[in-house]
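Read-outs throughout are calculated quantities, based only on the coordinates presented, and are distinct from any laboratory measurement. Since this is a predicted model, take the numbers as computed values, not measurements. Counting neighbours? That spans all protein chains shown, and the Cβs are built from the backbone with ideal geometry, glycine included.
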């Protein structure tokens with residue numbers, strides 16, 4: 001069950017990050033408008049898009065526990081910042097929902113990944 005939860009959450013999250021990363025790198029007009037409304041510079045989308053396209057394959061790659069920890073942390077900062085920004089600016093639940101869903105997928109992925117590591121006796125940091 002843990003394995004299935006891990007792969008389902010991680011696979012969905014990785015796909016979402018690739019899709020979001022592409023949209024951010026191409027400066028999709030709706031994302032540019034949203035970034036401006038939230039008070040962020042347009043170039044932030046390029047930085048986030050690149051980070052998502054680098055991080056997504058690292059989540060599904062075998063091994064690399066230290067690198068995966070960094071990817072999980074980076075995505076957590078991204079989603080936490082997005083949720084806070086949307087909430088503080090008074091955005092609707094519909095505008096905040098993608099970040100909430102991705103944060104939930106991230107949490108399930110991380111918890112199940114750590115659980116599998118502990119069960120398989122993988123050292124925390126090689």
### Summary
A correct fewest-to-most ranking of 18, 71 by other Cβ atoms within 10 Å would be 18, 71
#### Entry: Helix 43-60 vs. the chain, principal-axis angle (Cα, 0 to 90°, nearest 10)
20 degrees
### Task
For helix 65-88, report the angle its Cα long axis makes with the longest principal axis of the Cα atoms of the chain; keep it between 0 and 90° and round to the nearest 10°.
30 degrees
## Note on the structure
To the nearest 10 degrees, the tilt of helix 93-120 (Cα long axis) against the first principal axis of the alpha carbons of the chain is 10 degrees
### Task
Neighbouring Cβ atoms within 10 Å as the yardstick, rank 43, 110, 6 fewest first.
43, 6, 110
### Task
Neighbouring Cβ atoms within 10 Å as the yardstick, rank 120, 33, 24, 69 fewest first.
120, 33, 69, 24
### Radius of gyration and maximum dimension Dmax of segment 46-118, Cα, Å
13.4, 41
#### Entry: Length-normalised contact order of segment 1-92 in % [C-alpha pairs under 8 Å, at least 6 apart]
28 percent
### Summary
What one gets for the chain as the Kirkwood radius, inverse of mean 1/r over different Cα pairs in Å, is 15.2 Å
